[in-house]
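Input: a single structure, listed below in structure tokens.
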Amino acid sequence: MPVTLRRLWSRLRAYVTRSSGDDGLDEEIGGHLQLLQQRFEAQGMTPDEARRAARGSFGGVEQLREDLREQQSFPWFDELRQDVRYACRTIVRAPIVSLAIIVTFALGIGANAAIFSLVNSVLLSPLPYPSPDRIIVIEPFWKNRTNSDGFRTSSAPDFYDWRAQSHVFDAMAYHGGGEFRVIAEGEPTFGSVQLATPDFFRVFGATPAAGRFWTEQENRASVAVVSHAWAVAHFGEPSKAIGRHIRTARSLEIVGVAPVGFNYPGATDIWFPAGVVPEAPRGGHNYLVVGRLKPGVRLEQARAEMRGIGDRLEQQYPDSNRDKTVVLTPVREKLTGGASTTLWLLLGTVAGVLLIACVNVANLQLVRAAARGREMAVRSAMGAGPGRVIRQVLTESLLLGGIGCLVGLAAGWLTLKAFVAIAPADIPRLNEVHIDQRVLLFTLGLTALSSLLFGLGPARRVARLDLSGALKQQPGKGVRGGVGSRARSLLVMAEVALSFALLVAAGLLLRSFVELNRVDLGFSTERVLATTTSVPAAAPEQQRQATMFYRDLIDRVRQMPGVRQAAGVRSMPFVDGRSSSGYTIDGNPTPPPGARPIADNQVVTPGFFDTVNMRIRRGRDFSAGDEYGRPQVAIVNERLARDAFGTGDAIGRTIRTGMTRESSNGMQIVGVIADARDESPDAAANPAIYLPYLQHPGPGSRLELLAHTAIAPDTLAVSIREAARALNPEVPVRFSTMDEVFAKRLAYPRFRAVLVAGFALLAVALALVGIYGVLSYLVSERTPEIGVRMALGALRRDIFSDVISGSMRLVAGGLLAGLLGTIAVVRVLQTVLYGVSPRDPLTIAAVAGLFVATAFLASSIPALRASRVDPLVALRQD
Amino acid sequence: MDQLRSEVLQGTLDLMVLKALDAIGPLHGYGIARRLEQISGDRLQLNEGTVYTALMRLKQSGWISAEWGASENNRRARFYSITRAGRRQLARETASWEQVAGVIGRVLQLKPQK
């Protein structure tokens with residue numbers, strides 16, 4: 001133990017056991033004195049003389065005792081106790097100012113605690129897998145196309161080559177799936193199902209909670225692994241699930257239960273073997289690939305190796321792999337990619353709020369410090385050094401900050417729940433959000449930092465006080481000449497600047513949210529009920545049954561009263577995961593290999609366009625006659641028609657895609673449909689090919705049924721469910737309205753706009769309170785001067801406009817600074833804005849106008865008070 | 001030099017007490033005071049009570065330990081003895097003291113150059 005530490009420790013021990021600290025000291029001193037006395041007596045002194053001499057050469061006993069006690073204690077600790085006691089008294093003595101400080105501070109801290117909890121749980125906490133940093137998402141990267149930020153699918157042959165040729169991975173697996181019907185215990189439900197290759201669980205380092213995972217030999221077997229939560233929900237406990245059978249497209253035996261909390265990707269319930277796909281086309285991207293890096297392999301190393309493999313494949317298979325390379329992204333980055341921009345933005349916003357809160361509190365403290373100038377001067381005059389005075393003020397700040405922090409944490413805990421409730425549901429790990437140790441540490445650190453921030457300025461000012469001037473101050477009144485009036489003005493300007501910037505950001509986000517809602521989608525979401533069903537079909541016979549089920553269901557729904565039109569569609573608008581493929585046009589020059597244009601593929605039933613009010617520009621809709629065995633037909637959107645035919649006519653031309661049967665003569669284009677932004681309102685429509693359902697029943701046999709209703713759409717749910725049950729009791733049914741689906745798509749922009757706007761309003765309110773407070777103080781300080789001016793003939797109007805113009809100068813200065821800051825900073829918003837420039841003059845002007853108006857109101861109250869000063873009263877005050 | 005200045009004293013006093021305990025073995029406060037007096041003659045004018053503040057400092061640093069025993073007038077007295085850490089400290093302090101003293105001595109012996 002180092003000496004300083006040991007000294008501290010023994011002091012501490014002595015301090016704590018203070019009563020027994022000087023045990024034996026009296027005895028020791030007594031003995032010493034006695035021996036000295038004996039010595040002096042031996043030299044021939046009388047006992048009296050000897051006693052006096054002994055005392056003389058020993059020195060003051062009381063002084064020594066005092067010295068020893070001090071050496072054993074912590075003087076600063078005693079002083080601290082004094083400071084705290086004193087600070088408590090001060091806080092209680094000015095309850096309103098103290099309350100204002102605490103509330104202001106609690107708002108700032110609470111907002112930060114809540115948002116940091118989100119950031120912490122979603123972005124910072126490690127994923128619940130062993131060595132989560134080694135889990136990597138492997139996906140294709142298109143050199144000549146925009147790559148979506150979401151998970152990108154890979155082709156099975158590419159996967160097998162990646163796995164065979166790379167040396168940096170411990171395990172690599174692909175998976176894919178979605179929501180399908182699952183029948184467990186005879187009950188049809190929707191289950192989130194993934195097919196996966198055998199190494200899937202090894203990639204995540206998962207060990208089964210019960211049973212086992214399937215082996216390489218079982219890659220075609222009818223077995224399944226279920227999630228812990230699913231097993232508990234259906235069978236009570238994990239071990240009871242083993243050996244049970246569930247039915248998806250086929251019957252699967254449950255052989256294992258995944259560990260608690262494991263549900264990758266998303267909220268998967270069931271995993272089953274992917275089977276072997278030897279002959280799959282290299283250009284068919286259907287699977288998501290994940291891998292676990294070997295220990296010690298750096299990501300850069302792995303990236304380099306995989307790039308090499310990607311280059312080789314590109315040369316080997318120019319047809320399918322031209323311009324396609326491989327990228328590696330840690331799974332955490334991939335998972336949180338979408339949410340991170342929003343969360344960091346919010347964290348920045350609440351940091352701004354806290355800063356404003358600090359400025360406000362500093363201001364309040366300054367006002368109070370000025371009022372306490374005399375008291376502080378007295379303390380200095382009585383020998384308290386500047387350090388001691390600063391410490392006193394800082395103790396007060398910390399104490400206020402501490403109380404504010406506690407209140408803020410409580411408030412943050414409450415608001416956190418509200419934030420989670422309105423947050424986009426697809427923010428990963430949202431259900432794990434909580435206030436943990438890190439959040440507490442963050443909050444405490446923030447509190448200490450901001451307490452010092454808002455305490456140090458006023459404290460230093462107090463310590464620099466001119467003693468004689470301050471002592472002449474009358475009790476209960478401020479120091480004349482305005483202690484720190486310039487500092488206060490600067491603080492007000494800073495507040496205005498900060499809250500202005502936040503309000504501009506909020507205005508821009510709100511405007512882009514409005515713009516997103518106003519976008520002409522090219523179709524209508526109004527009064528459209530979506531019925532989600534699932535009829536798993538593996539064999540062709542099952543597929544035919546599924547097709548009939550949907551045909552019959554659509555017919556029945558169409559006949560229901562209140563339904564205007566109904567149709568089916570493969571991929572619901574605004575939901576990710578539509579398929580796309582390259583296409584060629586007969587008669588157009590053949591594009592070089594790998595340069596085939598890409599189009600979305602959408603499968604619909606006749607009447608779909610009418611149901612969602614999409615306008616047919618040329619040609620016709622599909623009809624009941626466009627069925628299997630008849631010549632294949634397609635409808636394309638305007639974007640594709642423009643790309644492929646320019647100004648020429650698309651009708652009657654032949655198009656071929658991945659979904660064209662090899663044997664056929666291609667698909668004849670029978671119609672051109674208006675472009676629809678059915679992926680996201682902020683993304684222009686992709687080229688799209690619409691195909692008739694009866695010619696493409698597809699392996700999944702899953703169709704969304706859309707019904708355009710004349711009445712409130714959800715009133716139809718019961719009858720549609722009954723109709724579906726009557727046709728096939730094994731089909732699970734779920735409903736949503738298109739408006740809900742659309743709202744979900746805008747969840748992020750809404751979340752951002754609502755929260756930033758809320759925080760910005762909070763910031764503005766704080767700033768206005770700041771302006772009001774400072775102005776009120778200035779007015780009360782200037783009362784005598786105003787009295788003199790009025791006695792000399794100044795009009796009330798003059799006084800009023802004088803105060804207002806002083807305040808407006810501050811506001812104008814703040815706005816100018818805020819404007820410059822906003823222009824510099826607001827570019828970070830670019831990526832989250834839609835349809836509005838980050839420097840949108842309208843928004844900036846509106847916010848500035850709002851600011852000036854409210855600031856005028858806030859300052860008019862003190863200004864009025866100033867103009868009502870009675871010169872007689874004011875002059876008599878001195 | 002009639003009197004050692006008090007600032008110099010604190011560090012040196014600790015060193016002297018350590019040295020005394022090292023040289024003679026366990027001593028009580030009175031004994032230490034006598035020993036210091038004996039070494040320094042009458043040039044060290046200090047209140048004997050000061051010894052106890054030095055003893056407390058040394059004890060807090062873990063360089064000496066204390067034990068109750070009987071003094072020559074048959075009263076209970078606390079006897080202090082140097083610890084192993086104390087001996088190491090003494091050696092360190094002695095070395096650095098000698099170094100400083102040597103340097104200062106040489107500086108003071110410098111003759112003005114002509």
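The values are calculated or read from the model by the stated rules, or taken from the named source; none is laboratory data. Just so we're clear, the structure is a prediction, and the values are computed from it rather than from any experiment. For neighbour counting, all protein chains shown are included, and Cβ atoms are generated from backbone atoms with ideal geometry for every residue, glycine included. Areas reflect the complete protein model, heavy atoms only, side chains present, ligands, DNA and RNA absent. Shrake-Rupley method; radii C 1.70, N 1.55, O 1.52, S 1.80 Å.
Data overview
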{"item": "So B:TYR30, is it surrounded by 14 or more Cβ atoms within 10 Å (Cβ to Cβ), of a type in the set (Phe, Trp, Tyr) and within 12 Å of the chain's Cα centre (by Cα)", "result": "no"}
{"item": "Number of the condition not met by A:ASP319 [criteria: (1) open to solvent by less than 20 Å² (accessible area, probe 1.4 Å); (2) at pLDDT below 80; (3) among the charged types (D, E, K, R)]", "result": "(1)"}
{"item": "Count of region B:82-114 residues which are within 14 Å of another protein chain (Cβ to nearest Cβ), closer than 17 Å to B:GLY11 by Cβ and either open to solvent by less than 90 Å² (accessible area, probe 1.4 Å) or among the polar types (S, T, N, Q) (or both)", "result": "4"}
{"item": "A:TRP271 being more than 35 Å from the chain's Cα centre (by Cα), open to solvent by less than 40 Å² (accessible area, probe 1.4 Å) and more than 21 Å from A:GLY186 (Cβ to Cβ)", "result": "no"}
{"item": "Residue under evaluation B:ARG76, criteria (1) within 11 Å of chain A (Cβ to nearest Cβ); (2) under 15 Å from B:ASP14 (Cα atoms); (3) basic (Lys, Arg), criterion not met", "result": "(2)"}
{"item": "Residue, nearest to A:SER320 (Cα to Cα), within region A:136-152, restricted to residues that are out of contact with any helix residue (DSSP H, G or I) (no Cβ under 8 Å at 6 or more places or on another chain) and at pLDDT below 85", "result": "A:TRP142"}
{"item": "Residues of region A:527-538 that turn out to be open to solvent by 20 Å² or more (accessible area, probe 1.4 Å) and either in contact with a Cys (Cβ under 9 Å, 6 or more places away or on another chain) or modelled with pLDDT of 90 or more (or both), as a count", "result": "1"}
{"item": "Options A:VAL97, A:VAL92; residue that is more than 14 Å from every other protein chain (Cβ to nearest Cβ), crowded, with 16+ Cβ neighbours inside 10 Å, more than 28 Å from A:LEU12 (Cα to Cα) and of a type in the set (A, V, I, L, M)", "result": "A:VAL97"}
{"item": "Pair list, Cβ < 8 Å and 6+ apart or interchain, from region A:325-347 residues that are under 28 Å from A:ALA113 (Cβ atoms) to residues that are of a type in the set (Lys, Arg)", "result": "A:LEU335/A:ARG429; A:THR342/A:ARG752; A:LEU345/A:ARG752; A:LEU346/A:ARG752"}
{"item": "Selection count where residues are touching a residue at least 24 places away in the same chain (Cβ under 8 Å), of a type in the set (D, E, K, R) and under 23 Å from A:THR248 (Cα atoms), scope region A:722-761", "result": "2"}
{"item": "The listed residue being in contact (Cβ under 8 Å) with a residue 60 or more places away in the chain, charged (D, E, K, R) and on the phi < 0 side of the Ramachandran plot, out of A:ARG564, A:ARG486", "result": "A:ARG564"}
{"item": "Condition broken by A:PRO589, with the remaining ones in (1) open to solvent by 30 Å² or more (accessible area, probe 1.4 Å); (2) under 30 Å from A:HIS285 (Cβ atoms); (3) in contact (Cβ under 8 Å) with a residue 12 or more places away in the chain satisfied", "result": "(3)"}
{"item": "Checklist (1) at pLDDT 85 or above; (2) surrounded by fewer than 17 Cβ atoms within 10 Å (Cβ to Cβ) applied to B:PHE79, failing item", "result": "(2)"}
{"item": "Every residue from region A:789-839 that is within 22 Å of A:TYR748 (Cβ to Cβ) and in a helix (DSSP H, G or I)", "result": "A:VAL825, A:VAL826, A:ARG827, A:VAL828, A:LEU829, A:GLN830, A:THR831, A:VAL832"}
{"item": "Candidates B:LEU46, B:LEU55, filtered to the one that is facing chain A (nearest Cβ under 10 Å), closer than 30 Å to A:GLN37 by Cβ and assigned to a loop (DSSP other than H, G, I, E, B)", "result": "B:LEU46"}
{"item": "Enumeration of residues in region B:58-73 that are modelled with pLDDT of 80 or more and more than 7 Å from every other protein chain (Cβ to nearest Cβ)", "result": "B:LEU58, B:LYS59, B:TRP63, B:ILE64, B:SER65, B:ALA66, B:GLU67, B:TRP68, B:GLY69, B:ALA70"}
{"item": "Matching entry among A:ASP311, A:ASP319 (being assigned to a helix (DSSP H, G or I), without any contact (Cβ under 8 Å) to a residue 24 or more places away in the chain, of a type outside the set (Lys, Arg) and closer than 30 Å to A:SER154 by Cα)", "result": "A:ASP311"}
{"item": "Options A:ARG511, A:ARG544: the member that is surrounded by fewer than 24 Cβ atoms within 10 Å (Cβ to Cβ), more than 30 Å from A:LEU766 (Cβ to Cβ) and basic (Lys, Arg)", "result": "A:ARG544"}
{"item": "Residue match in region A:750-761 (condition: open to solvent by 50 Å² or more (accessible area, probe 1.4 Å), outside any loop (DSSP other than H, G, I, E, B) and not basic (Lys, Arg))", "result": "yes"}
{"item": "Residue that is modelled with the lowest pLDDT [pool: residues in region A:816-854 that are among the hydroxyl-bearing types (Ser, Thr, Tyr) and more than 15 Å from A:ALA767 (Cα to Cα)]", "result": "A:THR831"}
{"item": "Selection count, region A:40-68, where residues are open to solvent by less than 70 Å² (accessible area, probe 1.4 Å) and within 12 Å of chain B (Cβ to nearest Cβ)", "result": "12"}
{"item": "Candidate set: region A:641-668, residues that are part of a loop (DSSP other than H, G, I, E, B) and among the polar types (S, T, N, Q); chosen: the one modelled with the highest pLDDT", "result": "A:THR647"}
{"item": "Identity of the residue in region A:24-35, more than 7 Å from chain B (Cβ to nearest Cβ) and crowded, with 16+ Cβ neighbours inside 10 Å, that ends up farthest from the chain's Cα centre (by Cα)", "result": "A:LEU33"}
{"item": "Filter result for the condition that a residue is open to solvent by 10 Å² or more (accessible area, probe 1.4 Å) and out of contact with any helix residue (DSSP H, G or I) (no Cβ under 6 Å at 6 or more places or on another chain), over A:LEU810, A:LEU819, A:LEU833", "result": "A:LEU819"}
{"item": "Hits in region A:416-440 - residues which are part of a loop (DSSP other than H, G, I, E, B), of a type outside the set (Asp, Glu) and open to solvent by 40 Å² or more (accessible area, probe 1.4 Å)", "result": "A:ALA425, A:HIS434, A:ILE435"}
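Per-residue answers, yes or no, for (1) under 22 Å from A:PHE262 (Cβ atoms); (2) in contact with a Pro (Cβ under 6 Å, 6 or more places away or on another chain); (3) open to solvent by 10 Å² or more (accessible area, probe 1.4 Å):
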| position | (1), (2), (3) |
| --- | --- |
| A:VAL137 | yes, no, no |
| A:ASN147 | no, no, yes |
| A:ASP158 | no, no, no |
| A:ASP161 | no, no, yes |
| A:PHE180 | yes, yes, yes |
| A:GLY186 | no, no, yes |
| A:ALA196 | yes, no, no |
| A:ALA210 | yes, yes, yes |
| A:PHE213 | yes, no, yes |
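Here is a yes/no grid of residues against (1) crowded, with 20+ Cβ neighbours inside 10 Å; (2) basic (Lys, Arg); (3) over 30 Å from A:SER580 (Cβ atoms):
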{"site": "A:THR248", "(1), (2), (3)": "yes, no, no"}
{"site": "A:GLY256", "(1), (2), (3)": "yes, no, yes"}
{"site": "A:TYR264", "(1), (2), (3)": "yes, no, no"}
{"site": "A:GLU300", "(1), (2), (3)": "no, no, yes"}
